[in-house]
1. Given the options 157, 33, 76, which has the most mean-square fluctuation in a GNM of the chain, springs set between C-alpha atoms less than 10 angstrom apart?
2. Can you tally the lysine pairs in the chain where the Cα-Cα distance is under 29 Å and the two residues are eight or more apart, or on different chains?
3. Once you keep just the Cα pairs under 8 angstrom separated by 6 or more residues, what percentage relative contact order results for segment 146-196?
4. So what is the relative contact order of the chain, in percent, for Cα pairs below 8 Å that sit 6 or more residues apart?
5. FRET efficiency for residue 113 and residue 65, Cβ-Cβ distance as r, R0 = 35 Å, nearest 0.05?
6. If I require 20 Å or longer along the helix axis, counting alpha carbons, and a Kyte-Doolittle average no lower than 1.6, what helices from the chain are left? Use full DSSP H segments.
7. Extension gain residue 13-residue 97, at 0.36 nm per residue separation less the Cα-Cα distance, in nm?
8. Mind sorting out which of [x] 27, 20, 15; [y] 34, 20, 14; [z] 30, 21, 18 is the real semi-axes √(5λ) of the Cα gyration tensor in Å computed from the coordinates?
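The values are calculated or read from the model by the stated rules, or taken from the named source; none is laboratory data. The model shown is predicted, which means the values in this text are computed figures rather than measured ones. All Cβ positions, glycine included, derive from the backbone under ideal geometry; neighbour counts span all protein chains shown. The accessibility values were calculated without ligands, DNA or RNA, using every heavy atom of the protein model including side chains. Shrake-Rupley method; radii C 1.70, N 1.55, O 1.52, S 1.80 Å.
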Amino acid sequence: MPLTPTQKKLVAVCSLLVLLSICLLARFYDLTMDPISYNEYGIAYVDEGGYVNNARNKALFGDWKIEEDIWLWNSMYISPIFNYLEYLSFRNFGVSTFSMRLVPALLGIISILVASFFLIRRNWKIGLIYFVLLSVNTMLIIYSRIATLQSLVLFFMLLILGMIIHDKNYSWFIAGALLPCLIFSNLTSIFFIAAV
């Protein structure tokens with residue numbers, strides 16, 4: 001017996017909710033556990049502590065840079081946006097591995113939802129496929145579970161792509177306004193701008 005249009009919509013909505021649940025679980029399940037091996041994805045440097053050093057200092061000691069950090073790598077100059085987001089997480093949830101990784105997990109899910117939303121509004125089937133592929137992409141899941149700059153870069157890239165897909169005057173303005181944020185997330189993201 002064929003499904004009615006209402007039943008088809010119900011099946012589609014239920015499928016989306018199940019997929020969203022899987023997507024959320026993959027990103028938020030036990031954020032304190034050790035990450036998987038990065039060698040499969042060509043990631044050589046994954047020291048999260050270096051990227052959140054200044055945010056931790058601000059949360060614990062009230063200053064972005066402490067005297068002992070003079071000779072150390074200062075990540076605040078590399079990505080001020082990422083450090084500030086991490087600081088907000090540390091201030092609200094305490095300094096821990098969980099609160100450090102909560103930021104990339106939230107950024108990952110928000111960017112997927114926003115980018116997929118605009119494509120779904122434009123073309124339901126293509127947007128759904130896009131959402132499915134982004135939700136279960138292993139590399140995106142990995143970057144959503146480690147507190148490195150790539151999580152923020154991917155966040156801004158997906159937001160900018162969502163704005164470009166929307167293709168309205170204001171969405172192009174928002175995409176342009178997000179470009180400096182992308183650049184201040186990580187300077188190497190300038191290659192993404194050139195590619196677009």
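1. 33
2. Details: 8/125; 9/125; 9/168; 125/168.
Going through the chain pair by pair, I get 4.
3. With pairs under 8 Å counted, the relative contact order is 40 percent.
4. 22
5. The value I calculate is 0.50.
6. Numbers: long enough: 5-28 (34 Å, 1.47); 97-122 (39 Å, 1.57); 149-166 (26 Å, 2.33); 169-185 (25 Å, 1.34).
Helices passing the filter in the chain: 149-166.
7. 26.8 nm
8. Of the listed options [x] 27, 20, 15; [y] 34, 20, 14; [z] 30, 21, 18, [y] comes from this structure.
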